[in-house]
Amino acid sequence: MTETAGGGWARPEFTAVEQLRGPLLIARGVKGVGWDEFASIRLGAGELRHGLVLEVNGDLAVIQVLEGTAGMDPNDTSIEFAGSPLRIAVGPQWLGRVCSGRGEPRDGGPPVTGELTMPVAGFPVNPALRLPPAEPVLTGISVIDELTTLVRGQKLPIFSVAGLPHLELAGQIAAQASAQGEPFSVVFAAMGLTHADAAVIRAILEERSAAGDLVLFINLADDPVIERILTPRLALTVAEHLAFTLGRHALVVMADMTSYCEALREVSMARGELPARRAYPGYLYSDLASLYERCGRIEGLPGSLTMVPALTMPSGDITHPVPDLTGYITEGQLVLSADLHARGIYPPVDALSSLSRLMRHGAGPGRTRDDHLDVAAQTLAALAAARRARELSELIGSAALGDSDRRAIRFEQAFETTLMNQGPAESRTLAETLRLAWQVLGVLPRRDLTMISASAVDRYYP
Amino acid sequence: MSGTAAQVSRVSGPLVEVTGLTGIAMSQIVQVGEHRLPGEVVAINGGTATVQAYEYTGGVAPGDEAVSLGEQLSGRLGPHLLGAVFDGLLRPLAGAPAWLDPAASSLPSSGQDLAWAFTPSAREGDHLGPGAALGAVSAPGGVRYLVLVPPDASGQVRRLRPAGQVTGQDVIAVVGGTQVPLVSSWPVRQRRPVARRLGPDAPLQTGQRVIDVLFPVTRGGTSAVPGGFGTGKTVLLQQITKWCDADVIVYVGCGERGNELAEMLTELAGLTDPRTGGRLAGRTVIIANTSNMPMMAREASIYSAAAVAEHFRDMGLHVVVVADSTSRWAEALREFSSRNGEMPAEEGYPASLASALAAFYERAGRFTTLGGQEGSITIIGAVSPAGGDMTEPVTSYTQRFVRSLWTLDRDLAYARHYPAVSWAGSFARDAGLIAGWHARNGDPGWAARRASLTALLAEADRAGELAELMGASALPPRQRIAILAGRLVREGVLQQSALSQADAYCDQARAAALADAVLAVSGRCLELAGLGVPADQLEDHDFSPLLRAKEDAPSAGRVREIADAVLAELREKPITAPGQREPGHD
């Protein structure tokens, strides 16, 4: 990453506020202010707010105020521009800290500072220097590790609906994930969380935070909405440095992306931009890509950046722009099921709708265990058979089912109760997960295990 | 070069307005700000020019300097393109740093330092017209790379380099007073001239059965691949990139995933071209503008790809352009027109979207080149419909302009039926013409085979819908056999695993044999049902050798042997025992 010298600019204050509207402040009479510059805004009462320049036109600058414009008096406000797009300090000093969505301490500690700063917008990774993801990140969660293995450098979102425990799951992943003993750090960006949810997340992550492995950025539901646009960028900038400069495997968990997108929509509307689907801005895809594509592995650099964004699908609609555009960018998805949740199964992952596109690169021989990919394929095939059998039984009654259909349904029950169901603080090793997977496969007769090599069946079939 | 007085007056993301430029014309390149970020003039209003910037404009301020280069957006065309990776403006990415910071570094310029072996084919003193060959350079991947007289030059060859090493900076010849360099520059939005446009003729062999057998595309044709996320769009396009029988592939990753691109680069580097024995990477030009790279370079990348394709076509080569995804390109158009205050048409897209799409696809075709050779450009574009909605503007416009449509179906993909090309939602307008070509080239049964498969699939779908309503056992035998036959076609012919060693690529003869085998077996089943053999006995028969033939049988001959064995089983033993095992689904 490149360092450019900051400062060196005369920083006059501007006081002519032409207009205040929603989250926007329009200043007149500014000179030498560039697009996307960072601004500090001082209110008459001495309060300090922050903003980003959305447009400069002659001597007019349109500024999006992160904390909102409430209480601002156009005749008593002064603006100072930073002379460059926003940069933040990076380094290991972030580890163990709990901060606001703008990076200010929320743990009673001193502000996080440092010599080395990076622009929060980041730069695109040269695609010719990306390395294809190839090693697993183990989450200690059986259903994920067995069937949708997370791979270093991958982005794998959680698609959920309101009322399901996606935050707990995201928190559990953040608390437990590891890279087979190599240095590992987690950056958690919480956006638009209620106080209750934030308390849950803080409790889940307390231990890892205390161990100095984790940075937590929290933007609460009643915090400034526009601040949310900054939160994931801060998290990613800190994580990029941990990964590609300090050589750690960094995992960034972002929740809830739907709140982030709503903040983006709010700014877009205030600017009077042409709305696209569901009034989200037309650039939502590119904006999300500018976050999601910051993960990966890079030739010649240590470390990796893996991402788990969590989002709630409004009304459970997977064609809603937020999950839809996320799905177009990410490499698979974990879909949560209201049905499993209602039956008390945690984590309620709909295994057949979930997919890790990079799993075949990160699991199996030389990565996890030789039989892993075959076990996963056989389990999914059996779950698909169980689903067909259940649909059939709803049509014709369970009494009319054949033996193989009944076995498939028994398999599914064993899978849900034995393998999938797990404590919210329980971390299972991969060996334990695969032992349970074989225990579940034991419901099926040996001859049905056609997707697994005979030697693996001999060795592991219970 | 025009004045120093020109300066930036407005910046809104990639939109930059500049005042004080004199002698500026539309489409010219203007550099803005202290880091001289490139952009293109897209509107001129009085003394103000609107510039679409190709880099992140953070920090660019009103009052910053703007400089006109007096030329249009151009790409450098030469042998260095083959086997390499470029950004949307055709700047090489191989020597660039890990993070693309427009302020910190300029990308290295193209193809200056590489060297190739040149062999002249013309002689000094020859009189040559535009497009005539001067000689060839040895290019990677066995591509027949010719150095041609440029479109605007002709006359006597005054100087010609002798055989030997040449670099990207060298002049190859002087023809009629014009220097002919090895690496030349071309404004990418302009078509390169040809002598004549020809009608379609031969099919492009993709190695993907569902395409080659059901929905073929001609060399010089166009095809679109609409599909929601997770339907396997990128995998299908990458399979075509790897295996189709073109001479040169131009793959433009336009607003898509970086990791996928990295994966494809790694795979291509390890694969051998079955036709030439060279590295597959050596016949491929990759233009990478991933989703997080500047949006407006995404807009240009499509045209860069077309110019590169035309460059190779002029040598008399067959070129395929794969664009993944045209929807992201259309979004770049929308983004800019929105910032520019244009009136929106459907879903915020500019009213010019349809014509822009049409014009892009029209750069495909089969041509007689200026040099009198035959060359073609086939364009295959992915479409990413928002929310899987096939009525959205990019999808619905594109369908009108392409010759073939391969619609990817989410239900098929969820059922792990790959490639998930829907037989009901796809078309091939040139199927009749391609049938004629097959008839002239040793496969007179091609049209009948395609018609039988299509009819079978349609009948199976109808019967399947009925079965869902009333249960399969309530259907008459003919319809139950139709459902069975539909399954045999899907699993035995259409499904093709991109991960399979044996079946990722399927040649025409083997594809035809597999289809014929399934048709023969289905026909026999129908006959037997007509003779009174109960449908459930036929349904329970073990067809797995037939379904596995695509993996197990390496040749058309072996497929026919397997089919004969299955037919013999069906004929010889009257089926009595209800099947001991379910027919394999893989």
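The values are calculated or read from the model by the stated rules, or taken from the named source; none is laboratory data. It should be emphasised that the depicted structure is a prediction, and the values quoted were computed from it without experimental measurement. Positions of Cβ are generated from backbone atoms using ideal geometry, with glycine treated the same way; all protein chains shown enter the neighbour counts. Areas reflect the complete protein model, heavy atoms only, side chains present, ligands, DNA and RNA absent. Shrake-Rupley method; radii C 1.70, N 1.55, O 1.52, S 1.80 Å.
If you go through segment A:312-368 one residue at a time, how many are charged (D, E, K, R), farther than 30 Å from A:P132 by Cβ and assigned to a loop (DSSP other than H, G, I, E, B)? Break it down into steps so the answer makes sense when it comes.
The initial filter retains those residues of segment A:312-368 that are charged (D, E, K, R), namely A:317, A:324, A:331, A:339, A:343, A:350, A:357, A:360, A:367.
Next cut, farther than 30 Å from A:P132 by Cβ only: A:317, A:339, A:343.
Pick out the ones that are also assigned to a loop (DSSP other than H, G, I, E, B) and you get A:317, A:343.
The number of residues fulfilling the criteria is 2.
Within the option set B:A262, B:A305, B:A309, B:A297, being in a helix (DSSP H, G or I), more than 30 Å from A:G153 (Cβ to Cβ) and touching a strand residue (DSSP E or B) at 6+ places or on another chain (Cβ under 6 Å) holds for one residue only, B:A309. I'm checking my understanding of the structure. Among residues of segment B:91-112 that are within 8 Å of another protein chain (Cβ to nearest Cβ), assigned to a loop (DSSP other than H, G, I, E, B) and at pLDDT 75 or above, which one is most open to solvent (accessible area, probe 1.4 Å)? This residue is B:A94.
B:V421 meets all of the listed conditions (1) at pLDDT 95 or above; (2) surrounded by fewer than 22 Cβ atoms within 10 Å (Cβ to Cβ) but one, namely (2).
Can you tell me which residue in segment A:439-455 is farthest from the chain's Cα centre (by Cα), limited to those that are crowded, with 19+ Cβ neighbours inside 10 Å and part of a helix (DSSP H, G or I)? Among them, the one singled out is A:D448. Within 14 Å of chain A (Cβ to nearest Cβ), over 30 Å from A:I318 (Cβ atoms) and without any contact (Cβ under 8 Å) to a residue 12 or more places away in the chain, is that true of B:A359? Taking the combined requirement at face value, the residue does not satisfy it. Applying the selection to segment B:265-294, what residues are part of a loop (DSSP other than H, G, I, E, B), of a type in the set (V, I, T) and more than 8 Å from chain A (Cβ to nearest Cβ)? Within segment B:265-294, B:T276 is the sole residue that qualifies. Considering only residues in segment B:149-207 that are small (G, A, S) and part of a strand (DSSP E or B), the one that is surrounded by the most Cβ atoms within 10 Å (Cβ to Cβ) turns out to be B:A173. Can you pull out every residue in segment A:394-421 that is over 22 Å from A:V457 (Cβ atoms), part of a helix (DSSP H, G or I) and within 13 Å of chain B (Cβ to nearest Cβ)? Answer for segment A:394-421, where residues must be over 22 Å from A:V457 (Cβ atoms), part of a helix (DSSP H, G or I) and within 13 Å of chain B (Cβ to nearest Cβ): A:E394, A:L395, A:I396, A:A400, A:D405.
Just to verify a result, which residue in segment A:113-169, among those that are assigned to a loop (DSSP other than H, G, I, E, B), among the aliphatic types (A, V, I, L, M) and within 13 Å of chain B (Cβ to nearest Cβ), is surrounded by the most Cβ atoms within 10 Å (Cβ to Cβ)? Taking the candidates together, the pick is A:L156.
When segment B:218-259 is filtered for residues that are among the hydroxyl-bearing types (S, T, Y) and in a helix (DSSP H, G or I), the ones remaining, listed by number, are B:T234, B:T241. Only one of the numbered conditions (1) within 17 Å of A:P323 (Cβ to Cβ); (2) within 11 Å of chain B (Cβ to nearest Cβ); (3) open to solvent by less than 40 Å² (accessible area, probe 1.4 Å) is not met by A:R277, and that is (3).
Is it fair to say B:T272 is in contact with a strand residue (DSSP E or B) (Cβ under 7 Å, 6 or more places away or on another chain), open to solvent by 10 Å² or more (accessible area, probe 1.4 Å) and either within 30 Å of A:S353 (Cβ to Cβ) or in the same structural domain as B:M390 (by TED's automatic domain parsing) (or both)? Spelling it out, B:T272 is indeed in contact with a strand residue (DSSP E or B) (Cβ under 7 Å, 6 or more places away or on another chain), open to solvent by 10 Å² or more (accessible area, probe 1.4 Å) and either within 30 Å of A:S353 (Cβ to Cβ) or in the same structural domain as B:M390 (by TED's automatic domain parsing) (or both).
Of the strands (runs of 3 or more DSSP E) lying entirely inside segment A:1-112, those carrying at least 3 residues that are under 30 Å from A:V125 (Cβ atoms) and open to solvent by 20 Å² or more (accessible area, probe 1.4 Å) are A:48-57, A:77-85. The single condition among (1) open to solvent by 10 Å² or more (accessible area, probe 1.4 Å); (2) in contact with a strand residue (DSSP E or B) (Cβ under 7 Å, 6 or more places away or on another chain); (3) under 25 Å from A:E182 (Cα atoms) that A:L355 does not meet is (3).
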